[in-house]
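Undergrad: Have a look at the structure that comes next, please.
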Amino acid sequence: MKKEDAALVCFSGGQDSTTCLFWAKEHFEYVEAVIFRYGQRHSNEVGIAGKIASEAGVPFQIFDLSLLSQLAPNALTDHTIKMDEKPPTGSYPNTFVPGRNMVFLTFAAILARSHGIYNIVTGVSAADYSGYPDCRDTFVRSLNVTLNLAMDEQFALHAPLMKKDKSEIWALSDELGVFDLVKTQTLTCYNGIPAAGCGRCPACRLRNAGLEKYLARKGKANVNPLHFREE
C-alpha cells in the first residue's frame, strides 16, 4: 500500500466526521478511524462511532485523553457548568475546549505515522461553526506545517468540510449515499441524544438548521414547474 492510498480519520460519530469518514472511503483505498475519550458529557459518541466504523468496515481505535478535561473549565467536560445555548457576545461559547483539535490532530498524526499513514482527515469547518478558533483553515494549515517539522514527515491534513456550511455538509452526505445514516445514526448533540438531538445545544441548532435549509433547497430543486401551470 502506498502512503498516498491510506488515510486516518479523526472520528466522533457525529454528522461532520461521519460525512468525512465516507468522503475518505471515496478518496483513499484504505481508511482507519480514531476517536478520543476526553471526559466529554456526550461520551456515548464513542459507542456510536464504533458501530458506524464497524458497519463501514473501517478499523477503529479509542484513545484516552481525559487529561484534557482537567486543564481548562468548559461545559463539555464539567457537568456543573450550564451549557451556553447561544454563543455569548464578544467571547467564545463555554463549550469551547481550548486546544482540543490541536491535541486530537497531533495524537492522530503520531498514530498515523506508526501505521505508515500520512493523510489525516478532520471534520472541522470554518464556514459554519460555533465560534471555535481551532476550526479555522489557518489553524489547520499551520498545524500541518508544525507536524511535518516536528516529525520530519510529509503529512497532509484534509478538511473537506472547511468551506461548507451545515446545509452543504448534508448535501455532501447525500452525494456520498449516506444521508439517511447520518440523519438517523449519528450523534452531534452535546447532551448525548442521537439523531436530531436535544434541539437546544449549539451543535443541535447548527445541525438541524442546516438540515432544514438543505431539505428546502432540495425540495425546490425537485419541483416540476409543470405542477404550477395555470388551468
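Undergrad: In the range 87-123, what residues are closer than 19 Å to GLY14 by Cβ, open to solvent by less than 10 Å² (accessible area, probe 1.4 Å), out of contact with any Gly (no Cβ under 8 Å at 6 or more places or on another chain) and not hydroxyl-bearing (Ser, Thr, Tyr)?
TA: VAL97, LEU105, ALA108, ILE120, VAL121, listed by residue number.
Undergrad: How do the pairs read when you match residues in the range 12-31 that are at pLDDT 95 or above and charged (D, E, K, R) with residues anywhere that are crowded, with 23+ Cβ neighbours inside 10 Å and assigned to a helix (DSSP H, G or I), using Cβ under 8 Å and keeping only pairs 6 or more apart or on different chains?
TA: That search, which allows pairs on different chains as well, returns ASP16/ILE169.
Undergrad: Moving to a separate point now. Quick check: anything in the range 197-205 open to solvent by less than 20 Å² (accessible area, probe 1.4 Å) and touching a Gly at 6+ places or on another chain (Cβ under 8 Å)? Quick ask: steps written out before the conclusion?
TA: Let us first name the residues in the range 197-205 that are open to solvent by less than 20 Å² (accessible area, probe 1.4 Å), namely 201-204.
Checking the rest, the ones that are also touching a Gly at 6+ places or on another chain (Cβ under 8 Å) come to 203-204.
Yes.
Yes or no, residue by residue, for (1) at positive phi; (2) in contact with a strand residue (DSSP E or B) (Cβ under 8 Å, 6 or more places away or on another chain); (3) not β-branched (Val, Ile, Thr):
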position	(1), (2), (3)
PHE104	no, yes, yes
ARG113	no, no, yes
ILE120	no, yes, no
GLY123	no, yes, yes
CYS135	no, no, yes
THR138	no, no, no
SER142	no, no, yes
ASN148	no, no, yes
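Undergrad: Can you tell me which of ALA127, ALA171, ALA156, ALA112 is farther than 19 Å from VAL97 by Cβ, at pLDDT below 95 and among the small types (Gly, Ala, Ser)? Talk me through it step by step, then tell me what you get.
TA: On the way: ALA171 fails: at pLDDT below 95; ALA156 fails: at pLDDT below 95; ALA112 fails: at pLDDT below 95.
Answer to the selection: ALA127.
Undergrad: Would you tally the residues in the range 69-105 being over 16 Å from the mean Cα position of the chain (by Cα), under 29 Å from GLU32 (Cβ atoms) and polar (S, T, N, Q)?
TA: 4
Undergrad: Suppose the filter is closer than 19 Å to CYS204 by Cβ and in contact with a Lys or Arg (Cβ under 6 Å, 6 or more places away or on another chain); does THR188 pass it? Break it down into steps so the answer makes sense when it comes.
TA: On the way: closer than 19 Å to CYS204 by Cβ: yes; in contact with a Lys or Arg (Cβ under 6 Å, 6 or more places away or on another chain): yes.
Against the criterion (closer than 19 Å to CYS204 by Cβ and in contact with a Lys or Arg (Cβ under 6 Å, 6 or more places away or on another chain)), THR188 qualifies.
Undergrad: Out of everything in the range 11-39 that is of a type outside the set (A, V, I, L, M, F, W, C) and assigned to a loop (DSSP other than H, G, I, E, B), what residue ends up being farthest from the chain's Cα centre (by Cα)?
TA: Pass one, the range 11-39, residues of a type outside the set (A, V, I, L, M, F, W, C): 12-19, 25-27, 29-30, 32, 37-39.
Right, trim to assigned to a loop (DSSP other than H, G, I, E, B) and you get 12-14, 29, 38-39.
On the way: SER12: 6, GLY13: 8, GLY14: 6, GLU29: 21, TYR38: 15, GLY39: 17 Å.
Within the range 11-39, the match that is farthest from the chain's Cα centre (by Cα) is GLU29.
The values are calculated or read from the model by the stated rules, or taken from the named source; none is laboratory data. Because the structure is a prediction, the values reported are computed rather than measured. Note that each Cβ is placed from the backbone with ideal geometry, even for glycine, and that neighbours are counted across all protein chains shown. Protein only, heavy atoms only, side chains kept; ligands, DNA and RNA dropped before computing areas. Shrake-Rupley method; radii C 1.70, N 1.55, O 1.52, S 1.80 Å.
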